[in-house]
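First up is the structure itself, then whatever we jot down about it.
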Amino acid sequence: MQFMGELPQQMDANLRMLTGLQDRLRSNESSLRLLEERRVFLETQVKMLAKAIRTTATENAQSVSLSSGPTTYPLRTNWPGRRRNLRG
């Protein structure tokens, strides 16, 4: 392929090959653009999901009211230990 089409009478073949290579280049560039857009979209989604997970985790770690009274308990409380304290 290195010396393909070097003779003047092979000009048509050279031009067809050049046209084909240019078409492939355009196609690859288009695919690359689409893939880059997809990557950016997916990265944005990952960031949004990570933020939502952090927000949910933060909210779940905060105190919540379990009764109508002023007492609040963190969600990550040792409930079996608290039950023993209430019984005993």
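Summary of values
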{"read-out": "Label-point separation, Glu59 to Leu18 (7 Å along Cα→Cβ), nm", "value": "6.3 nm"}
{"read-out": "Extension gain from Ser30 to Met48, taking 0.36 nm per residue of separation minus the Cα-Cα distance", "value": "3.8 nm"}
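Values quoted throughout were computed directly from the atomic coordinates according to the rules given, and no laboratory measurement underlies them. Small disclaimer: the values here were computed from a predicted structure and weren't measured. Because the Cβ atoms are built from the backbone with ideal geometry, glycine has one as well, and the counts that use them run over all protein chains shown.
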